[in-house]
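Below is one structure, written out as structure tokens; comments come after it.
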Amino acid sequence: MSDIPRLDGVHHLKLPVADLQRSLEWYRSRFGYQIDLEFVEQGVLKGYALAHPAGGPMLSLRLDPDRAAAAAGFDYFSIGVPDKQAIEELAARLTGLGDTHAGVHRATIGWILPYLHDPDGHEVRFYTTETLDAPSAAEKSS
């Protein structure tokens, strides 16, 4: 279909936060995110664009306490992790840092690490980009 516009993946993810420094430190210490840009409006720091040094998606943090509170608990996105070993290593890292999550589970087409929450209560999920074959009827019944 020639009338479908060309798209090229997700450019960046953007989250409202109540405390920029607290959220910045959390995303740095858990996942290695680094400041790429600062957003300053009328002399006041209002946000960061964060880059991931190992291929993760760009992430923007925007100071907006009301929206951060309203969005708490919702999982806006899942961040891709290459395979089961990498997601298990991530889960162990997060546990070692004192974060709670549901652990790694087999999902429909890959492995998922759900129920991790950032300082504002946003659920941050991870899902393997390496897919699995759908479980057979025998696997489903066991």
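The values are calculated or read from the model by the stated rules, or taken from the named source; none is laboratory data. The model shown is predicted, which means the values in this text are computed figures rather than measured ones. Ideal geometry is used to build each Cβ from the backbone, glycine not excepted, and the neighbour counts take in all protein chains shown.
The table that follows gives values for the structure above.
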{"read-out": "Tally of residues being hydrophobic (A, V, I, L, M, F, W, C), in contact with a His (Cβ under 9 Å, 6 or more places away or on another chain) and farther than 20 Å from Pro114 by Cβ across the range 54-67", "value": "1"}
{"read-out": "First in the range 1-22 and closer than 18 Å to Asp66 by Cα, second anywhere and of a type outside the set (Lys, Arg) and surrounded by fewer than 11 Cβ atoms within 10 Å (Cβ to Cβ), Cβ under 9 Å, 6 or more apart", "value": "Pro16/Asp66; Ala18/Asp66"}
{"read-out": "Qualifying strands (runs of 3 or more DSSP E) (wholly inside the range 35-107; at least 3 residues being closer than 30 Å to Asp133 by Cβ)", "value": "78-81"}
{"read-out": "Pairs with Cβ under 7 Å, 6+ apart, first in the range 28-39 and within 22 Å of Asp99 (Cβ to Cβ), second part of a helix (DSSP H, G or I) and hydrophobic (A, V, I, L, M, F, W, C)", "value": "Arg30/Leu94"}
{"read-out": "Selection count where residues are of a type in the set (A, V, I, L, M, F, W, C) and either surrounded by 14 or more Cβ atoms within 10 Å (Cβ to Cβ) or under 19 Å from Thr95 (Cα atoms) (or both), scope the range 20-48", "value": "5"}
{"read-out": "Members of the range 1-19 found to be among the aliphatic types (A, V, I, L, M) and either surrounded by fewer than 12 Cβ atoms within 10 Å (Cβ to Cβ) or over 15 Å from the mean Cα position of the chain (by Cα) (or both), listed by number", "value": "Met1, Ile4, Leu7, Val10, Ala18"}
{"read-out": "Among the residues listed as Pro119, Pro57, the single one being in contact with a Lys or Arg (Cβ under 7 Å, 6 or more places away or on another chain) and within 16 Å of Leu15 (Cα to Cα)", "value": "Pro119"}
{"read-out": "The listed residue being within 23 Å of Gly9 (Cβ to Cβ) and more than 12 Å from the chain's Cα centre (by Cα), out of Ala49, Ala91", "value": "Ala49"}
{"read-out": "Any hit, the range 22-32, residues being part of a loop (DSSP other than H, G, I, E, B) and either modelled with pLDDT under 95 or not polar (S, T, N, Q) (or both)", "value": "yes"}
{"read-out": "Qualifying residues in the range 61-71 (those that are buried (at least 16 other Cβ atoms within 10 Å of the Cβ) and at pLDDT 95 or above) - the one nearest to His101 (Cα to Cα)", "value": "Ala68"}
